[in-house]
1. For residues in region 340-359 being closer than 17 Å to Asp286 by Cα and of a type in the set (Val, Ile, Thr), which is surrounded by the fewest Cβ atoms within 10 Å (Cβ to Cβ)?
2. Looking only at residues that are β-branched (Val, Ile, Thr) and in contact with a Cys (Cβ under 8 Å, 6 or more places away or on another chain) in region 161-219, which one is farthest from Val124 (Cα to Cα)?
3. Does Cys413 satisfy the condition of being surrounded by 12 or more Cβ atoms within 10 Å (Cβ to Cβ), in a helix (DSSP H, G or I), in contact with a Gly (Cβ under 8 Å, 6 or more places away or on another chain) and not polar (S, T, N, Q)?
4. List every residue pair whose Cβ atoms lie under 9 Å apart, where the two residues are 6 or more positions apart in sequence or sit on different chains, the first residue falls within region 489-514 and is without any contact (Cβ under 8 Å) to a residue 12 or more places away in the chain and not assigned by TED's automatic domain parsing to the domain that holds Leu639, and the second residue, located anywhere, is surrounded by 20 or more Cβ atoms within 10 Å (Cβ to Cβ) and in a helix (DSSP H, G or I).
5. Looking only at helices (runs of 4 or more DSSP H) that fall completely inside region 537-584, which ones have 2 or more residues that are over 29 Å from Tyr667 (Cβ atoms) and touching a residue at least 12 places away in the same chain (Cβ under 8 Å)?
6. List the number of the failed condition for Gly288; all other conditions in (1) modelled with pLDDT of 75 or more; (2) buried (at least 16 other Cβ atoms within 10 Å of the Cβ); (3) in the same structural domain as Ile392 (by TED's automatic domain parsing); (4) over 19 Å from Phe395 (Cα atoms) hold.
7. I'm trying to understand the selection: among the residues of region 570-604, which are surrounded by 18 or more Cβ atoms within 10 Å (Cβ to Cβ) and of a type in the set (Ser, Thr, Tyr)?
8. Is region 310-319 home to any residue that is at pLDDT 85 or above, buried (at least 16 other Cβ atoms within 10 Å of the Cβ), over 33 Å from the mean Cα position of the chain (by Cα) and of a type in the set (Ser, Thr, Tyr)?
Amino acid sequence: MQPLPRNVKSTKSRLDTINQTQSHLLVPSEKLDKVTRRVIAPYAQIERKGLKEEEDKAGRYLDMSRFNVFLEDTVDLESLLYETAMVLKNVTDSTGVFVYIVDKLRNEIVLMHPDTVNPDRHEVNMTIREGKTAAAHVAYTKEFLLLEDVQHDRRFSEGLRWIDAKVALCMPVIKPDGDCYAVLELYRTNPKIYDDNVVYTVLSVACWAGAAVHQAQERVTLQKTGHLNSELRALLQNYFCDLASIDTMLTDMLAVVKSFIGAMRSSFYIIDKDHISEMMQADMWDDGWSSDRNTMPKKKLKVNLSLEQTPAGYVARTGESLNVRDAYKDPRFAKEIEPTTGTVVRSCLVSPITDKNGVIGVVQLTNKTTAQPFDADDEKVFAVFVSYCSLIVHFYNMQQKKIFHDNLNHVFCELMSLHMKPCRHDMDDLLESSGVIMPPINFKSFDYHISDSSKEDMPGLLCIMFTETFTNRNFDRLAVADFLLSTLCSYRQNPYHNAEHAFCFTHTMYLILLNNPGYFDFNETAALMLAGLCHDLDHPGYNNNFLTLCKHPLASMYRTSMLENHHYFLAKKIIEDKKILSRLPISDQQRILEEIKYNILCTDLAVYFQIRAQLTPLLAERVFDWTENSHRRMLKGILMTTSDLSGCCKPFGIAKAIAESVYEEFYAQGDRERAMGYTPLSMMDRRRSINQPAEQIQFLSVVVLPCLLMLQNVFPNTSPLTDNCRSYNIFRYGPVQMKTQEAWHEEIEIRGHKLWRQQESLPDGKNSRFLSGETKSDTHESSAN
C-alpha cells in the first residue's frame, strides 16, 4: 500500500483510521514503560484494566492534550523525537530503530545517540546522497523507503551500515516547508515484512512530528525576534531621545544581537560616502569577543574595506548578503585572519544596510559559540536586527549632516555679523552726540515723517525715542548704539520695506506709548519698541504669497507668516549678538524675546484680521479688561498693525508718496509673477495702474480705518491718526474734515473715472460693520506690509 502524496488530501474518515490502526496499536499496558506510555498516548490506545465499555470506546480517540508537550517553551525536540522513535519500535514490533538528524549546512545526517545530553561525543555523520545507505538516500529523496530484503537490495551496497538487518522501513520527518528534519530507520532482524498498517502508522506519526517540529521551531524564532524587537526598541528610544551616544548605542545593540544569535564577535560599519579617495572608508564599531566583559564603547575611527578581501568589504561592494559556512573553503576570502578586526573567521553572517542610493553600512557576526555555521533561524533573527540598523544609519547620517550644517550656519552667522557691523565713524558720531540732537519741531506729532535730507539723523532720533521709553536704565550706551546702527543697515534698499519704513513704524509706536504711560510694563514697552524697529528686517520686497508661489526656502521653513518669522529670527540674532539685554535678568530677557516674536507676527495682516474679529466684540460690549492677558495681547497686536499702516495716516502728500513706493514693489512682484506664467493680482499689475486711487480708498476703508477706530476706542488721544485717514461719510461719522481718503477721491475725479464710495458697497444700516468685526478681509493682500 503506497501512502498518498503530501500534496493530496486523504478521503479517509477518522473512524476508518482508528479501525485500521487498532489492530497493531492495542498493546497491554504492563508491557509499556512510563516513557513509552507518555509518547504513544496521542496516537495509540492503551489497554487499561477496569475500564467500562463506553470509557474504552471513548479512549480509542486521540488525546489532543498530549500535543501540548510540543508547545512548551523548553521542549527538547531531539529528545522527544528519540522517545517517539523508541515507542514506534515497540508498537511496530521492530528489532531496533536509528534516528538521524539532518544537518542542512553540512549536507549530512547525524546519527542520534541515546545520550542526548552530550550528543557531540557520539556524533557519526553520513553525507546525504542517493545510493550507498538507505537513510542518506531517504534524506535526499524525502520519500519513505520499505526494504523487504536489505542484504540483497543492490541499490544500497552498504545496507543499513550499522547492523545486518533483514527488513527495514526508512521514514523521513518532513516539515510543512518541505525541509527534511530527520530520518527514522526501523529494522527487523527477522524476515517479517512491514505491512501496510505499520507503514501507515509510521507515516502518520512522522507527518505529525514534522508539523510539530516546524511549529516549535517557528515559535522559538518568533519569541527570539519578539524579545529582540523589545530590546532594540528600548535602545533606539534612548538614542533618539539623546539619552545615549551613537557609540554606546551601537555597542549595546551589537552585544544584544550577539547574545541572541550566539555569535562570538559582532561588527558594525557605516560607509563614509563623503570620502573623496577611491578607497572605501568606513567607521567601524566592534563589540569584541563574547568572553569580553568590558562594557565600554569600542570604535575604530576608520577602516579600509577595499584594502583586503574580507566578507564585510565584499558585501559593501556588491550589496549581497552572505552566510559563509566555512571560510576556509570559500575562495573569495583568502586570509584566515580578517585584517579589519583581527579575527580568525570560521563562519560569518554579513548583511548590507541599504537606502535608495545603495549600500550605506554593513553588519557582521563572526563565529558561532557552538562552532556550527549560522542557520536559517539565525538569518531570520539577524534580518530583524538589520532592519533596525537601517534606521540607525539613516539617523546617524542625518545627525552628521545636521552637525555639518549647524557648523556651516555658525560660519555664516559670523560672516553675517561681520557685514552687519556698523561703520566705525557712524558709531563714533552716535556715541559722541549720545543721541542728543535737536529733534524737528513736529517730532512729537503723528504728522511727522523723516525727510530725505534728514535720514542721517535716524540713529540719533531713535536713541531719543528709545531713551524716553525704556533705555534710560539698565542699558549700555555702546550696545544700544551698535544695535541701532546694525539694525538699520540690515534693511534692504527696497522702495518701501526699508529703514525709513522701520523708522516711521517706531516713531508712531513711540508717540502712542509716550502719550499713554502706565498701561504697559517695562518688558512690554521694550518689546514693542524693539519689535517696531526690527519688524521688517531683511524684507525681500515680496509678500508671503509670492514666497509660496516660487517655493522660496522660507516657505519650506515656516507654515504661515514666513516673512514675519524670518524678521523675528534676525531680530533675535542681532539682539543676542549685540547683547543689548545683557544687563537684564534672564527671565526678563526671555519674556522680552517672547513678546517681540508675538508682536512681529502680528504685523501679518492675516493675523490682524483674526485679532480684529476677536477684539471688536470686546470693545463694542465694553468688556475689555486690562488685567486679562489675552485682551492685552490683542491690543498689542492692534498697536503693531496701526504703527505698520501709519504711513497711510500722514498728510496726503506724504501718504501718496508712500503709496507709490508700495506700488513700485507690487509691480515688481507682478512682473515676476507674469514672467513665471501667472496672472498677477490687480494691485500688482502695472497694466492697471490707473486703478491706484480707487484701490487706496478701498484699502483705507476696509483695512486701515477699522484698525484705527479700535485703537482710538482704547486710547482716544490717537484720534489724529483717524482724522487724517477719514473721509466724508454721512452715514456713520457725519461731516468731518476731508483729508487723505477724500484726497484720493479728488485724484479719481481728476483722472476722469467713476468714484468709488464706501456706502455704495454697504447695505443700508450696515455701516457699523467696521466696528462689528464683520468686515471682509478680501483685500488684505493689498497691504503695504
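The values are calculated or read from the model by the stated rules, or taken from the named source; none is laboratory data. Here the structure is a predicted model, which means the values were calculated and not measured. Here the Cβ is made from the backbone with ideal geometry for all residues, glycine too, and neighbour counts use every protein chain on show.
1. Result: Val344.
2. Ile174
3. Judged against the criteria, Cys413 is not a match.
4. Gln493/Ala499
5. So the answer is 562-578.
6. Unmet condition: (1).
7. Selection gives Thr603 alone.
8. No, because not a single residue in region 310-319 is at pLDDT 85 or above, buried (at least 16 other Cβ atoms within 10 Å of the Cβ), over 33 Å from the mean Cα position of the chain (by Cα) and of a type in the set (Ser, Thr, Tyr).
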